[in-house]
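J.: Sending over a structure as structure tokens; questions will come in a sec.
A short reminder: the numbers here are calculations on the coordinates, not readings from a lab. As the structure is a computational prediction, the values presented were derived from the model and not from experiment. Here the Cβ is made from the backbone with ideal geometry for all residues, glycine too, and neighbour counts use every protein chain on show.
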Amino acid sequence: MSEFERSMNMTASADRVFGRAEDLDRIESWLPDELHVRAAEPPAVTVHDDDTGRDATALFRADRAHRRLEWGTREDDRYAGWLQVDRTGERTSEVTIHLSFTDESIAPPEGVVDRALDDSLHRLSGIVTS
């Protein structure tokens, strides 16, 4: 199993950050460029990966009360992740993204995942602070 996690402090309220992160109509603005998400019958989504050219059915759940998103592959447990937004002040928050790959054959190299997580967090931060 491969696991990756990154956190970042953001100068925006936890509710603002979570509201932006959970919006499926705008989620691609902070996800890696090669990933495209289409909502299906909730909580189902389809994720298209430009790098592989494949679509995967996945689950996506938003828990507003705890400001937590969870996602993963639908037919199996090859891949899962979560995003947690914690309030650190009235207008500040900490965002953590965690990814788990139980199928090592689909896990990208560590450096690739680390850069993608950092880029996603920076993009989300830019969106919520603008």
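J.: Among A65, A39, A80, whose mean-square fluctuation peaks in a Gaussian network model of the chain (Cα, cutoff 10 Å)?
T.: A65
J.: Enumerate the calculated ³J(HN,Hα) couplings along region 41-48 in order (Karplus 6.51 cos²θ - 1.76 cosθ + 1.60, θ = phi - 60°), each rounded to whole Hz, writing x wherever the residue is Gly or Pro.
T.: Ordered by residue, 3J(HN,Hα) equals 7, x, x, 7, 9, 10, 10, 9 Hz.
J.: Same structure, new question: Provide, for q = 0.12, 0.20 Å⁻¹, the log10 of I(q)/I(0) from a solvent-free Debye sum over equal Cα point scatterers in the chain.
T.: Computed log10 I(q)/I(0) values: -0.43, -1.24.
J.: Report, in degrees rounded to the nearest 10, the 0 to 90 angle that the Cα long axis of helix 110-129 makes with the longest principal axis of the chain.
T.: 40
J.: Treat each spin label as a single point 7 Å out from the Cα along the C-beta direction, and report the R91 to D63 distance in nm.
T.: 3.0
J.: In deg cm²/dmol and to the nearest 500, what is the mean residue ellipticity at 222 nm of the chain if only DSSP H runs of at least 4 residues count, each as -39500 (n - 2.57), divided by the residue total?
T.: -7000 deg cm²/dmol
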